[in-house]
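This report concerns only the one structure given below.
The values are calculated or read from the model by the stated rules, or taken from the named source; none is laboratory data. These numbers come from a predicted model, not from an experiment. Glycine also receives a Cβ, built like all others from the backbone with ideal geometry; neighbour counts cover every protein chain displayed.
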Amino acid sequence: MLRLAEPGVSSLPARPPPSVHGDPLPGANRERFSIPSAKLIQLPDSVVEDTFAAIKSMEIRGAGRIARAAAEALKASALASEARTPLQLVAELTNQGDRLREARPTAVSLPNSVNFVLMGANRGLAGRLKTEALRRLVVSLCDDFIERSTNAVNMIGEIGAKRIVNGDLVLTHCNSEAVTQILLTAKAQKKEFEVMVTETRPRYQGRITAAILAKKGLEVSLIPDSASRLYMHEVDKVIVGADAIASNGAVINKIGTSTLAVVAHETRTRFYVAAETYKLSPKTLLGDLVEIEQRSPLEVVSEKWMRENPGVKVKNPSFDVTPAEYIDLIITEQGVYPAQGIVFLMKELYPEPERLGSR
């Protein structure tokens, strides 16, 4: 069980995301972003900048993968650091953690990953560890978070697969690692069911999910996002992931999720959310809001189109908010919770919300 906190975040400039016309998601086939080894004598800041750029451009995508990539970056940075004192090492990691947090403002897994490492490092500093001992502690913390994250996905797969029965048609949206694990686990249990995937504009992450599942032998259909209402009456269950979960049970996930939830509610189709507990946003216990990331209009239209239509404002929100009343269950590695009850788990994991800070 991860006990995390969210210290304040400095405001740093973000690189503009690239246009994605042609390949809808460059680098999408990379299951895991590879952090350069410290043996390459790469400076710590460059390791972090490479990871920041990969997260920002969505070469690394998916809240769980983002969180693990951040931990890997801090690990590589700690190994490559030339800090001579414990205070200098923690100061370097704190600055680098601030930078990583800024890559994707909505995915709470990112700051939670960074905070898990930095809080442990600060405890080591307070305990007067020597520089090398502190470096080893940071590496151990990073490895611990990555292992827990991976185990959480596997456990969600086991728990969530219990909700799938023979003959089901399951609809999913975007590319959730937890949802994919649920479906693959159900398949491994010899359950016979079909999956329908929305293509998930404008980055088409649904195509990634459809391709992964089809290669594993599942029967998959891909539909446009706008066709969800037409097919919802055929669907038995909707299962989506989450980038953040608020204390009131609202789920922040890929744009289009709330539309699916409303349509599912209309047709009385069960709507489940699969998410690791480090996607809970403890700052919402204090009334803070989760920021909705606005991405480049070049993900929606070409630069040429924008020049030809200067009077048109192109908006590209990456996420939306699904209220708790549209969610039947939230599936976590700790068990299954009603959306309105997730606050009790959040208070257990974050017993002192007044210490969380502004992010």
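Which residues, taken from segment 52-107, are part of a loop (DSSP other than H, G, I, E, B), of a type in the set (Val, Ile, Thr) and under 26 Å from Thr332 (Cα atoms)?
Ile60, Thr106
Here is a list of conditions, (1) closer than 30 Å to Val273 by Cβ; (2) in contact with a Leu (Cβ under 8 Å, 6 or more places away or on another chain); (3) in a helix (DSSP H, G or I), and Thr150 meets all of them except one; can you say which number that is?
Here Thr150 clears every test but (2).
Output the residues belonging to segment 97-109 that are closer than 16 Å to Leu141 by Cα and either assigned by TED's automatic domain parsing to the domain that holds Lys283 or modelled with pLDDT of 90 or more (or both). Even if it seems obvious, please write down each step before you answer.
Here is the first cut: in segment 97-109, the ones closer than 16 Å to Leu141 by Cα are 97, 109.
Gly97 - this is the single residue of segment 97-109 that is closer than 16 Å to Leu141 by Cα and either assigned by TED's automatic domain parsing to the domain that holds Lys283 or modelled with pLDDT of 90 or more (or both).
Test each condition in (1) in contact with a Ser or Thr (Cβ under 8 Å, 6 or more places away or on another chain); (2) within 28 Å of Val195 (Cβ to Cβ) for Pro338 and report the one that comes out false.
Failed condition: (1).
With the condition kept exactly as written, say whether any residue in segment 295-302 is without any contact (Cβ under 8 Å) to a residue 24 or more places away in the chain and assigned by TED's automatic domain parsing to the domain that holds Ser176. Walk me through it before giving the result.
Within segment 295-302, the subset without any contact (Cβ under 8 Å) to a residue 24 or more places away in the chain is 297, 301.
So of that shortlist, the ones also assigned by TED's automatic domain parsing to the domain that holds Ser176 come out as 297, 301.
The answer is yes, given that some residue of segment 295-302 is without any contact (Cβ under 8 Å) to a residue 24 or more places away in the chain and assigned by TED's automatic domain parsing to the domain that holds Ser176.
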